Amino acid sequence: MKIVVVPGINGLGVTQGVEKSYLEVLERQDFEKINLNNGNIEEQLEQIVGGTKRYFNGGKVLFFGGDHSISYGLVLNFFEKYKNGKLIVFDAHPDLMEQMPEPGHEEWLRAVVEKTGIDGKRILIVGVRKNSENVDKREIDYAKEKGIKIIYSDEFDSRREEILEFIGSGELYCSFDIDVFDSSIIASTGYPEENGLNEGQMFRLLEEIGEKINYFDLVEVNLEKGSEEEKKRTRDVVEKVLSEFG
């Protein structure tokens, strides 16, 4: 597996620090890095799109963020290469807010839909929290309008087969926001949320689907947040997620 660091940030200050997390998490790994101008969002987006396009030619690639805004450029490159590909997103939040000119971490997915015109049935979001103050009803309405399926965190066990059926075969991109885990497991992230997935649920699934995913991003790891114990636990869990795709 090739590891590519994409340390982008476009989270209105909330995600500051994620661009440095690779220094600790990947300290024992070989990786390539896309150099970005974090001070210029428009230029940063161009650098992500242009700098990662070459990685979508087969083989297993893991993109390490950065916040979730990096997924916009990555997924655009994926769908440009694989016209019939599918996207699965693990996230506590839908990221379907109305977009800005250079999509940030709260609206990157909506921007992908609007830019590509992709059929929403080719997108599945897993792990959204039903009663979170950080999930806007307008996002849920947009998902319904576009046919994007959401499996809420408290439905994970009962709808697990739907996830496996969605993955099936064919080219698949997986975007993995670490806040899909419960906040008792992952605290070192921008928006930790209660009532998330536990390690048993997630790792049993990853064992089944890891081999079927060639393109994968892992985002929103922020080791500037939390106690030393919380940071260590976050690093341990992130390393285990990476190993499932290695």
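Read-outs: derived from the displayed coordinates by stated rules, not from any lab. Since this is a predicted model, take the numbers as computed values, not measurements. Cβ coordinates were reconstructed from backbone atoms using ideal geometry, including for glycine residues, and neighbour counts include every protein chain displayed.
List, in the order given, every pair from LYS115/LYS231; LYS53/LYS121; LYS81/LYS225; LYS130/LYS232; LYS53/LYS212 whose Cα-Cα distance in the structure shown is over 31 Å.
Over 31 Å apart, Cα to Cα: LYS115/LYS231; LYS81/LYS225.
Provide LEU197, LEU109, LEU164 in ascending order of the number of other Cβ atoms located within 10 Å of each residue's Cβ, fewest first.
Taking fewest neighbouring Cβ atoms as first place, the list is LEU164, LEU197, LEU109.
Just one of (i) 33, 20, 18; (ii) 22, 21, 19; (iii) 27, 20, 18 is semi-axes √(5λ) of the Cα gyration tensor in Å as worked out from the coordinates here. Which one is it?
Correct label, based on the coordinates given: (ii).
Can you give me the C-alpha center-to-center distance between the stretch 74-103 and the stretch 187-236, rounded to a whole angstrom?
The stretch 74-103 and the stretch 187-236 have Cα centres spaced 19 Å from each other.
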